[in-house]
Amino acid sequence: MRLSPKLAGLLLAGTMAAGVTAAAVPADASTSSNFWEIITLPQGIDGPLLCLQGGSQGSAVIQQPCDPNFASTEQQWVPISQGGDVFKFENVASGLCMDAHGSASDDVPVIMWSCTANISNTRWQWPIPSNHLQDTFPGLNPIQSRVSGSTGFCLDVPLAQTLPGLQMQIQRCNGTAAQDMWITHPVS
C-alpha cells in the first residue's frame, strides 16, 4: 500500500514535530513515557486520523480525533508483552486494558477492563512492523484478538465509519481498511 502525498506529508510533519519513531516495545507499563497511540484509518490512508481512546472500567473503547500534541492520556496506550507478538494494551489514563467483551465472534464490543485479570479477552496479537515509515507503510496492521486462544478476529471500526465516539468491536479479519491500525510512538 502506498501513501497518498497528503497523508505522507501530514504523517512526516507530525512525526517530526512530535519525535515519533518506531521504537522497541516496552516489556511492561512501568513508565508512561513508553506510550503509543493507536490510529484507526477506516476510510483508508486518505481518511481522517482517529485515535483509540479508553475510559473507565467497563466503558467502550472509542475512536476520537487524535490529539495533535500527544497530550491526551486517554489516547495513550502501553503495550505489555505477554510473550512473542501477544500484548495487553494498557491505557495510561485509567490503567485499564482493552478487552474483547465476549467470545471470539463478530460484533463483540471492545471495552476497558482490569489488566490484572488473568483472562484472554485482554490479549491481542500485534505484528510489530520493523519500520513505520517505509514507502509500503508496513505500520498499517490489524490487531488480532486472542480471546480463548482464538485467531481470525480483528479489532475493527464498525462499518468503516469515521464517527467520533464510535465503539470499537472485533470482527472476522477481512483485510479491509476498517481493521488497519497505525501505532505511533512519540519519543520522550
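Just a few scattered comments:
- Residues considered: 162, 176, 151, 184. Of these, the only one that is crowded, with 18+ Cβ neighbours inside 10 Å and of a type in the set (Ser, Thr, Tyr) is 184.
- Selection from segment 105-148 of residues that are among the aliphatic types (A, V, I, L, M), under 19 Å from residue 176 (Cα atoms) and at pLDDT below 90: 128, 140
- Screening residue 58 with (1) on the phi < 0 side of the Ramachandran plot; (2) in a loop (DSSP other than H, G, I, E, B); (3) modelled with pLDDT of 95 or more gives one miss only, at (1).
- Hey, residue 45 modelled with pLDDT under 90 and outside any helix (DSSP H, G or I) or not: yes
- Taken over segment 78-130, residues that are in a strand (DSSP E or B), of a type outside the set (D, E, K, R) and under 16 Å from the mean Cα position of the chain (by Cα) amount to 19.
- Any hit, segment 171-178, residues being within 18 Å of residue 101 (Cβ to Cβ) and of a type in the set (A, V, I, L, M, F, W, C): no
- The condition (being buried (at least 24 other Cβ atoms within 10 Å of the Cβ) and over 22 Å from residue 178 (Cβ atoms)) is satisfied by just one residue among 57, 63, 53, 76: 76.
- Test: residue 85 is among the charged types (D, E, K, R), touching a residue at least 24 places away in the same chain (Cβ under 8 Å) and closer than 21 Å to residue 140 by Cβ: yes
The values are calculated or read from the model by the stated rules, or taken from the named source; none is laboratory data. No experiment lies behind these values; they were computed from the predicted model shown. Neighbour counts are summed over all protein chains in view; Cβ atoms, including those assigned to glycine, are modelled from backbone coordinates with ideal geometry.
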